[in-house]
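What follows is a short report on a single structure.
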Amino acid sequence: MSMAYRTLETNETYILQAERVKKQNRKKSFLKGMLFLLPSILLFGAFVFYPMFKTIYLSFFLTNAQGATTVYVGWENYKALITDPIFMKSVKNTFLFVFYTVPTTVVISLALAVVANEKLKGIGFFRTIFSSTMGVSVAAASVFWLYLFNPTMGLLNKFLEVFGLEAIEWLTDPKWALLAVSATTIWMNIGFTFLILLGGLQSIDSSLYESADIEGTGYFYKLRRITIPMLSPTFFFVITVSIINAFQTFGQIDILTQGGPANGTNLIVYSIYREAFVNYQFGSASAQAVVLFILILLMTALQFKLGERKVHYQ
Amino acid sequence: MSHIELINISKSYDKQKGVLNSINLTIEEGEFFVLVGPSGSGKSTLLRMIAGLEEISGGFLKINGQTVNHLPPKDRNLSMVFQNYALYPHLTVKENILFGLKGRKVDKQEQQRRLKEAADMLGLQELLKRKPRELSGGQRQRVALGRSVVSHAPLCLMDEPLSNLDAKLRANMRVEIRRLQKRLGLTMIYVTHDQVEAMTMGDRIMVLNDGQIQQVGQPITLYNEPENLFVATFIGSPKMNIGNAVFSENGKYLIVENQIHIPVNPSIFSDIPKDRKLKVGIRAEHLAAGLSKKENIHSLEAVNIEQLGNETSIAFDVGSEVWTAKWPGQWPIELGQKVPVQLLPEFLVFFDADSGKLIKSAEFGKRQEVVTV
């Protein structure tokens, strides 16, 4: 009787002790985990989270030229944006810009990737060439295209001349400016998109194609029924990243058109830059930035919602 | 039905040493032909060359008397089942099975007819709407077979189709594939590294090693009369016990692994060259228990005992080799115990130690063959 009682007691103390050890272990591993995360937390905190909250904070104030808050205005900055024709135009331009650049980039890159995926002699050379725009900085690429677009000496107009067509004011004609900037952007983005799609193509199991070969299906049937569906996770990634990038376009606008002609190429990020660093309206610039953030968030969420269903993960 | 001829077929990559060297082979119509060999022996390469997925470096491949070296896979009128099944993960079972027929624009009603036929044959009716990831390994295997069935091709190639299944399922599928082949009258070329599969499924087997044909023949022939040491040790489970052997100086004994002295019986040893280095082999079932017997008893040390219930597999130390014996029934043997074993000379298979070639197969095996015929 007394034996049984004693074991019961020792069991209880054992359980208590085990609990304590477990708690200690959990605490230890939490601290260890935090230690590993610390560098990223510091960096993200300093360069992402702090600026983000500061932006949201600023968007409710008027500021002086140094960016210090002067008057709290509540939602006034946002209300002003909705009625501001220049900002609304920049939103419209941005959506147009996304619409021009993203599908075109993906289609051209896909074509290049399919070609570069063939097992041919010297294909490595072409793969390097096709992906080389990844290594060109936005500034260098923009300057290079600036020369091509030059109305008198530019290569593009020289071509038109050869075919007896009228010269086009690529960057100053409102009809053409946004298209010209889009063309530059497409060229710059092809490298990255191509590389990702090529990687996606190469991860498709070759036995799928071999099986289709034996069954006697044609090239385009295989492309449509095997390649495209099997690439869908890659497409999803590429399109998401491209859309986010397109929304954040700044460099080529600043170098090629400065938002002109008549705000024809004024995209949101450029508009934010002008509001903040040309007009010194940090409050309303912050409000624009918050609007952009929400737009991108919505677009990405929408994409995940729609895309998930059509994507086939292996 | 297809009749296949391989004439001096060889394969080499980048003009280096050949992966396959002058393979000559004829496969008859309606035959279940198994290519077996260890990994890297070139068996899959040979199959892929027949399929047209791999270029033929030298020699001729004839299907039904026509040279087809230059033909793309689709014009060779064959179907193939891949090791990983090559199912399209984004398509349903039905779409997977009909993939090829749709691609070739076969008539819609014909498609449905063949689909139904294949689904009935393989028991896939319930699964037609599922995606491959919702299927078990065996079901996926069946879908892959279904694709091959609907193609109505007379020649079917299979590249290690059962290697991803567990042992029990594998035994079931062996029977199922075999029945399917007989029922449809297919000519089958079946690649495997598993000699049990080869023995149980093949009408004829080709053993391949290092790009060379080792032996072609019926399973029993390969088992009883292996043409060389490689086939002897590759075919059969457990593998044939092999030991170095020399004749004693007075010629009265054959000494195996410096340990076992077998008295020379002229009727069996008459055509064995006395001056060469030999290797002798004996099947596990021929190393009999020697408890109640008198002649040719040798005492061997047991180093491992596996009780299988219906039989006992005992490993013995013989010189530098470990020999395995299979005795029917349950034998209570201790590890390290000296066990009397009967080793009758008529069960011995003789090989030339240098070339590995067969000198003489077991007397007993021949006798048995006569009995069954």
* **Label-point separation, B:Lys252 to A:Thr10 (7 Å along Cα→Cβ), nm** => 7.4
* Could you pull the Rg and Dmax for the protein assembly as shown, using just the Cα atoms, both in Å? => 38.1, 119
* To do: In nm, give the distance between the simple-model label positions of B:Gln337 and B:Gln16, each being 7 Å from the Cα along the Cα-to-Cβ direction.
  => 5.3
* Part-to-part distance (alpha-carbon centres) for the stretch B:158-211 and the stretch A:228-296, which is given in Å -> 61
* **For the stretch B:60-172, projected area of the alpha-carbon convex hull averaged over all directions, nm²** => 8.1
* Do any GluC sites (Glu not before Pro) in the stretch B:321-359 lie in a loop, going by DSSP, with at most 10 other beta-carbon atoms within 10 Å of their beta carbon, and if so which? -> B:Glu334
* Would you kindly state the longest site-free stretch of chain A, with sites defined as trypsin sites (Lys or Arg not before Pro) in a DSSP loop (not H, G, I, E, B) surrounded by at most 12 other Cβ atoms within 10 Å? => A:176-314
* Asked: In the full protein assembly as shown, how much of B:Phe82 is accessible to a 1.4 Å probe, in Å² to the nearest 10?
  -> 10
* Asked: In vacuo Debye scattering of chain B, one point per C-alpha: log10 I(q)/I(0) at q = 0.12, 0.13 Å⁻¹?
  -> -0.97, -1.06
* May I ask you to derive the FRET efficiency for A:Leu155 and A:Lys54 from their Cβ-Cβ distance with R0 = 51 Å, giving the value to the nearest 0.05? => 0.70
* Mind putting together the pair-distance distribution for the stretch A:76-310? All Cα pairs, 10 Å bins, whole percent per bin, short to long. => 7, 26, 29, 22, 12, 3, 0
* **Computed over the stretch A:193-247, Cα set: Rg, Dmax in Å** => 13.4, 45
* **Pairs of lysines in the stretch B:36-130 (C-alpha under 25 Å apart; 8 or more residues apart or interchain)** => 20
* Give me the percent of Cα-Cα pairs in the stretch B:31-111 that sit more than 16 Å apart, rounded to a whole number. => 64
* Asked: Within a Cβ distance under 12 Å of B:Asn84, other residues only, what is the Lys/Arg minus Asp/Glu net charge?
  -> -3
* Asked: So, in nm, how far is label A:Tyr78 from label B:Asn69 when the simple model puts each one 7 Å beyond its Cα toward the Cβ?
  -> 7.7
* **For a label point 7 Å along the Cα-to-beta-carbon line of B:Gln83, residues of the stretch B:23-46 with backbone N under 11 Å** => B:39-45
* Solvent-accessible surface (1.4 angstrom probe) belonging to B:Glu29, in square angstrom, nearest 10 -> 100
* To do: Would you please classify the overall shape of the stretch A:102-195 from the alpha carbon gyration tensor, given that a ≥ b ≥ c denote the square roots of the eigenvalues, rounded means a/c under 1.5, and beyond that prolate means a/b larger than b/c while oblate covers the rest?
  => prolate
* What is the list of residues in the stretch B:21-42 whose amide nitrogen lies under 14 Å from a point 7 angstrom out from the Cα of B:Lys182, following Cα to Cβ? -> B:31-32
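The values are calculated or read from the model by the stated rules, or taken from the named source; none is laboratory data. Source: prediction; values computed, not measured. Ideal geometry is used to build each Cβ from the backbone, glycine not excepted, and the neighbour counts take in all protein chains shown. Surface areas here come from the heavy atoms of the whole protein model, side chains and all, with no ligands, DNA or RNA. Shrake-Rupley method; radii C 1.70, N 1.55, O 1.52, S 1.80 Å.
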